[in-house]
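Here's the structure, in structure tokens; my notes come after.
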Amino acid sequence: MKYPTIISSIIVTACIVTVPVVFSDDDRREYRQRSLGVSPVSSPMYKEECSSCHMAYSPGLLPARSWKKIMTGLENHFGDNAELDAETFKNISEFLETNSADNSEYRRSRKIMRSLSDNDTPARISETPYIRNKHDEIPDRLIKGNKKVNTLANCNACHTKAEQGLFSEHGINIPGYGRWDD
Amino acid sequence: MKILLISFITTFLIMQTSFVRAEDNAINILEKSYQDQGAKSGNAQSGEKLWNKTFSGKAPFTERSCKSCHTENLKNNGEHIRTGKALKPLAPSINSVSLSKAKKIKKWFKRNCKWTTGKECSAQDKADILAFIKQQ
């Protein structure tokens, strides 16, 4: 094989391999997201470690002080044992705290923060006034009395785009009920 | 034409190598470590008994066993008893990811033994349960 052939082949290969990286629409998506939701989960380790039992909640749903409190009680994590080894613990804590609601520009993170006073350290997302108020018109039978939902902690039972950090009304589908309009 | 052909073949090869699975020796590593801690080699029947044994715990889950979340048949999907989240089957014959990482097995033995039985499992318990799951 001649040199030019080899070199050309390498260049063409490199082009094919990098196409998906260069032409992604991440920028557009991020702009839309900031104006609508909370930051989507970007840490593979957090996703792996924390979504075995429940949805990987966006760190933008609670302030850093809340994440710190949650992470210090993992031996009894809402009744379950969720202990982590030291290295994983450090990595996940850092991810949660740097992307927390008080460190985020996303619209709903800011609203969550505005609803809290400085000395509030909610241990649950559903305890933040913004999230509580948003759900107070929904009758109990659609949440607690709904076998496919059970609890407000089960965001993605109704918010079909919750895993992407999106919670707008047109993404809502309550199991056994359907769309929800305010 | 020649250039394109070579490029496509190279691309294909690059893609393939990234999907090649690491050698599967998680089970061997753990079996050896249990034996180093004094356990005999795992007994699947004892493991099955332990799998089905019920332990008492705090309300609201006063009766706890492996079955609470993973069901009696390891080939089925499980369901997290508190959150309702679907869990993939533990049987390696159905789910090839199951038992493939030593670190993950250790983590879940630690957490789930504590939650289910109230304390950590002994090396022998773990060897037995591993022997039971591996057969599924």
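The values are calculated or read from the model by the stated rules, or taken from the named source; none is laboratory data. Keep in mind it's a predicted model, so treat the numbers as computed, not measured. Heads up, the Cβs are rebuilt from the backbone with ideal geometry, glycines too, and the neighbour counts pull from every protein chain shown.
Selection of the range B:56-69 for residues being surrounded by 14 or more Cβ atoms within 10 Å (Cβ to Cβ) and within 14 Å of another protein chain (Cβ to nearest Cβ) yields B:Gly57, B:Phe61, B:Arg64, B:Ser68, B:Cys69. Of the residues that make up the range A:106-119, is at least one in contact with a helix residue (DSSP H, G or I) (Cβ under 8 Å, 6 or more places away or on another chain) and on the phi > 0 side of the Ramachandran plot? No, that holds for no residue.
Of everything listed in (1) under 21 Å from A:Asn81 (Cα atoms); (2) away from every other protein chain (no Cβ under 14 Å); (3) at pLDDT below 95, the single unmet condition for B:Glu72 is (1). Screening A:Gln33 with (1) at pLDDT below 80; (2) closer than 30 Å to B:Ala86 by Cα; (3) at the interface with another protein chain (Cβ under 9 Å from one of its Cβ atoms) gives one miss only, at (3).
Just the residues that are of a type in the set (D, E, K, R) and either on the phi > 0 side of the Ramachandran plot or surrounded by fewer than 12 Cβ atoms within 10 Å (Cβ to Cβ) (or both), please, taken from the range A:120-143. Passing the criteria: A:Asp136, A:Glu137, A:Asp140, A:Arg141. Considering only residues in the range A:78-102 that are of a type in the set (Phe, Trp, Tyr) and within 14 Å of chain B (Cβ to nearest Cβ), the one that is nearest to A:Met113 (Cα to Cα) turns out to be A:Phe78. Look at (1) outside any loop (DSSP other than H, G, I, E, B); (2) surrounded by 13 or more Cβ atoms within 10 Å (Cβ to Cβ); (3) at pLDDT below 95 and you find that B:Ser18 fails only one, number (2). Check whether at least one residue in the range B:89-101 is modelled with pLDDT of 90 or more, of a type in the set (S, T, N, Q), within 13 Å of the chain's Cα centre (by Cα) and surrounded by fewer than 14 Cβ atoms within 10 Å (Cβ to Cβ), and report yes or no. The answer is yes, given that some residue of the range B:89-101 is modelled with pLDDT of 90 or more, of a type in the set (S, T, N, Q), within 13 Å of the chain's Cα centre (by Cα) and surrounded by fewer than 14 Cβ atoms within 10 Å (Cβ to Cβ).
Yes or no, residue by residue, for (1) in contact with a Gly (Cβ under 9 Å, 6 or more places away or on another chain); (2) polar (S, T, N, Q); (3) within 14 Å of chain B (Cβ to nearest Cβ); (4) touching a residue at least 40 places away in the same chain (Cβ under 8 Å):
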site	(1), (2), (3), (4)
A:Ser39	yes, yes, no, yes
A:Ser42	no, yes, no, yes
A:Met45	no, no, yes, yes
A:Glu48	no, no, yes, no
A:Met55	no, no, yes, yes
A:Leu62	no, no, no, yes
A:Thr72	no, yes, no, no
A:Asn76	no, yes, yes, no
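Taking the condition of being within 16 Å of B:Phe55 (Cα to Cα) and either outside any helix (DSSP H, G or I) or among the acidic types (Asp, Glu) (or both), how many residues in the range B:99-115 meet it? The number of residues fulfilling the criteria is 0.
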